[in-house]
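Nothing in this text is a laboratory measurement; each read-out follows from the coordinates by a stated rule. All figures in this text were calculated on a predicted structure; none of them were measured in a lab. No Cβ is skipped: glycine too gets one built from the backbone with ideal geometry, and neighbour counts run over all protein chains shown.
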């Protein structure tokens with residue numbers, strides 16, 4: 001009978017101290033902010049917003065100087081937009097900060113989660129067609145497979 005008895009720590013309450021919220025800054029991804037903010041307030045946890053800017057190419061000669069300038073403008077716009085979202089969330093929860101990374105989204109998300117010691121990652125789910133999923137894969141799936149902590153996929157209720 002002792003073998004079937006659960007370990008004492010199995011029922012220990014979950015402690016969430018740091019929540020990572022990756023965002024692509026699209027309207028659909030904002031649903032994750034609501035869930036993360038609610039949990040951050042409930043646990044008095046740190047809330048870290050992360051946007052990963054994915055550059056298509058890294059060499060000027062491959063894409064041309066005009067395209068490099070356009071990438072710079074897009075990057076600056078994304079940084080500003082992330083700062084605005086951070087400001088809005090910080091007004092509701094002072095333990096909020098943001099970070100901006102350049103690279104492959106799922107790799108940067110997993111790295112950031114490890115670096116900050118995240119206890120939870122909250123991501124939104126986009127409704128892509130099956131063909132989009134095959135062609136582009138899913139950052140959420142990559143994070144789920146490699147994350148160092150639990151991942152909550154937030155989806156807008158119908």
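Overall size of the stretch 83-122 from C-alpha positions, given as principal axis extents largest first: 29, 22, 15 Å. In plain terms, the chain from residue 141 to residue 44 could stretch by 32.1 nm, reckoned as 0.36 nm per residue minus the Cα-Cα distance. Put a dot 7 Å past the Cα of residue 107, heading toward its Cβ, do the same for residue 153, and the two dots end up 2.3 nm apart.
For the pair residue 12 and residue 91 in one chain, pulling the backbone fully straight at 0.36 nm per residue adds 25.2 nm over the alpha carbon distance.
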